[in-house]
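Everything below concerns the one structure shown next.
The values are calculated or read from the model by the stated rules, or taken from the named source; none is laboratory data. These numbers were taken from a predicted model, which means no experiment stands behind them. In this analysis, Cβ positions are derived from the backbone assuming ideal geometry, glycine residues included, and neighbour counts consider all displayed protein chains. Accessible surface areas use protein heavy atoms only, side chains included; no ligands, DNA or RNA. Shrake-Rupley method; radii C 1.70, N 1.55, O 1.52, S 1.80 Å.
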Amino acid sequence: MLKTILAHSLVLGILCCNSTLAQIPAAAADASSDREPRSVILIIGDGMDDQQVTIARNYLAGASGHLGLDKMPLRSSSQVLSMEDRVDGGPIYVADSANTATSMATGVITSRGRISTSAGSDQDLPTIMEMANSAGYKTGIVTTASVTDATPSAFAAHISYRLCENPELMEDVSYSGIHLGECKADQKANGGMGSISEQLANSKVDVILGGGSKHFEMNAESSAESVLQLARNNGFTSVTGTDEMLEADHSERLLGLFAPSTLPVRLQGENGRGAEAPEPSILNYIHDYLGDVEQPEPMQCEPNPEFGSIPTLRQMTDTALTHLSYGNDRGFFLMIESASIDKQAHERMPCGSIGELEQLEEALQSALAFAETHPRTLILVTADHGQAAQIVPDESLFSDYPIPVYTPGMIARIITPEGGRLAINYATNNFQMGEHTGVNVPLYANREGLGLIPPFIQQPQIFALSRDYLGL
């Protein structure tokens, strides 16, 4: 039975990737015979669908302007795939970061919440980073989230539930007294590899930079030493500040933890504001066509004062590129995540998402500059899934009708630098956090992607693109 389950998982991976393999020229598979170092830089904007890109473009570059993303030589579209948590599970049409990162890291479709493990059978799935390490490539993770968060951990860890980020969360993950899940089967005492932070500490990844220090502070399972000490014992040099990071020995493995959890975002709404609900008059509650409605006041985006105390995504990217290329005649695989495009959208904070996409733009410029002097570098930029945010008219198309017209959700009316009003609507649910959406997401590439990437792919095929480019 176990063999049948495992075979099913492997077949899923093969089916996901074969269509891409058929479209990749044979020369792409000759990387193993190429003496020049080859590297892949995968940049993930968490939740960065076309709405988020357009919002950021309107604010950062103007309605007629262009982002760096818009100037990439190749633009494709990636279909996000997810399934129910059983071996023969049917499709789920809205995914989460765990299973989508798993798709890109392993080439296998799995269920929401899983970190590089198969749906139903809970088998560990080999990741592109593990394969790269085994073949002599260096590897790195850079993120503005906790390094134990879903997207980064999917490239270097295996666990059944994404929230089991440290040893104290393995037996019970709860929030406000609500039990959300557990990972008892993944504990070391039960033959597993432990929590996500322990797996990262024990990993062969060369550079790990981001937030999440709180997940490394407690003792490792059945140990008198902390998870951070476990990482140090495994050869990591640990740093907690920008200067320390920039001064670290390039030849050493590097673990940078710059905040307890997610790193602070660059921009915030005026006085911390986000999207707000329109306020209809009493008459409107009597009938939809009566009374009027008061829209939230327009606001500006402003700098977040907490942002200056931590390294930027570009600084972390530059550090990772320096460390991974130092004395390296083989190449590397680097995953860079701009995480709070998604996290701020969950909280209906469009200014935070805009600032985070600006950080992605800056990291992309560093990657492109690196590729100019290291020609065999494939840069892929994509999103893991869609997010809650929709540009809507600031003044309704139906405003001439003598009836109040307004969104059933929440709306932020942002004053842009060019003097316009950008109305951003969040209406996926009535909960305190908005939800993902089930849309295709963009995939961009530099010149190395020309001829390798078709106009439309399925998300697990991104794994095949990376694997074949590196000749794994």
### Query
Given the protein chains as shown and a 1.4 Å probe, how many square angstrom of SER396 are accessible, to the nearest 10?
30 Å²
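Using only C-alpha positions, report the orientation-averaged shadow area of the convex hull of the stretch 207-340, nm², one decimal.
Values: hull surface 54.9 nm².
Computed as one quarter of the Cα hull surface, the answer is 13.7 nm².
At 0.36 nm per residue, minus the direct Cα-Cα distance, what do ASN219 and PHE456 gain on full extension? Give it in nm, one decimal, please.
Numbers: separation 237, 0.36 × 237 = 85.32 nm, distance 4.59 nm.
The span from ASN219 to PHE456 would gain 80.7 nm if fully extended.
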### Query
Relative to the first principal axis of the alpha-carbon coordinates of the chain, what is the inclination of helix 2-23, with its axis defined by its Cα atoms, in degrees from 0 to 90 and to the nearest 10?
70 degrees
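How much FRET efficiency would the formula 1/(1 + (r/R0)^6) give for ASN430 and GLU84, where r is the Cβ-Cβ distance and R0 is 22 Å, rounded to 0.05? Walk me through the intermediate numbers first.
Details: r = 25 Å, r/R0 = 1.14.
That pair, ASN430 with GLU84, gives E of 0.30.
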### Query
Can you give the angle from 0 to 90° between the axis of helix 313-325 and the longest principal axis of the chain, with both taken from C-alpha atoms, to the nearest 10?
20 degrees
#### Entry: Helix 350-373 axis, angle to the chain major axis (alpha carbon atoms, nearest 10°)
40 degrees
### 5 angstrom amide H check on GLU435, placed H, neighbours 5+ away
ALA388, THR428, ASN429
## Note on the structure
Computed ³J(HN,Hα) along the stretch 173-184: with the Karplus parameters 6.51/-1.76/1.60, θ = phi - 60°, integer Hz and x for glycine or proline, the list is 9, 10, 9, 6, x, 9, 6, 9, x, 7, 9, 4
### Summary
Among the stretch 345-361, those whose backbone N falls under 16 Å of a label point 7 Å along Cα→Cβ from GLU270 are 350-352
### Task
Mind listing the long-range amide H neighbours of LEU267? Cut-off is under 5 Å, sequence gap 5 or more, other chains count too, H placed in the peptide plane at 1.01 Å from N.
ASN304, GLY355, GLU356
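Filter LYS188/LYS343; LYS188/LYS214; LYS71/LYS204 down to the pairs with a C-alpha to C-alpha distance above 25 Å, please.
On the way: LYS188/LYS343 31 Å; LYS188/LYS214 20 Å; LYS71/LYS204 35 Å.
Result: LYS188/LYS343; LYS71/LYS204 exceed 25 Å.
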### Task
State the volume of the convex hull built on the alpha-carbon positions of the chain, expressed per residue in Å³ and rounded to an integer.
158 Å³
### Task
In whole Hz, with x marking every Gly and Pro, tabulate ³J(HN,Hα) for the stretch 85-98 from phi via Karplus 6.51 cos²θ - 1.76 cosθ + 1.60, θ = phi - 60°.
7, 8, 4, 9, x, x, x, 10, 8, 10, 9, 10, 5, 5
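Ordered by packing density, taken as the mean number of other Cβ atoms within 10 Å over each peptide's residues, highest first, how do 63-75, 156-168, 430-442, 127-139 rank?
Working: 63-75: 14.2, 156-168: 24.8, 430-442: 16.2, 127-139: 21.5.
Ranking, from highest mean packing down: 156-168, 127-139, 430-442, 63-75.
Given 0.36 nm per residue, what is the gain on full extension from ALA135 to TYR326 after removing their alpha carbon distance, in nm?
On the way: separation 191, 0.36 × 191 = 68.76 nm, distance 1.75 nm.
Roughly 67.0 nm would be gained on extension.
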### Message
Show me, bin by bin at 10 Å from 0, the whole-percent P(r) of the stretch 379-454 based on Cα pairs.
### Response
15, 29, 30, 18, 6, 1
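Of SER399, SER39, which has the most accessible area and how do the rest follow, probe 1.4 Å? Write out the running numbers ahead of the final one.
On the way: SER399 55, SER39 5 Å².
Per-residue accessible area, sorted high to low, gives SER399, SER39.
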## Note on the structure
Length gained, THR237-LEU283, 0.36 nm per residue minus C-alpha separation, equals 10.1 nm
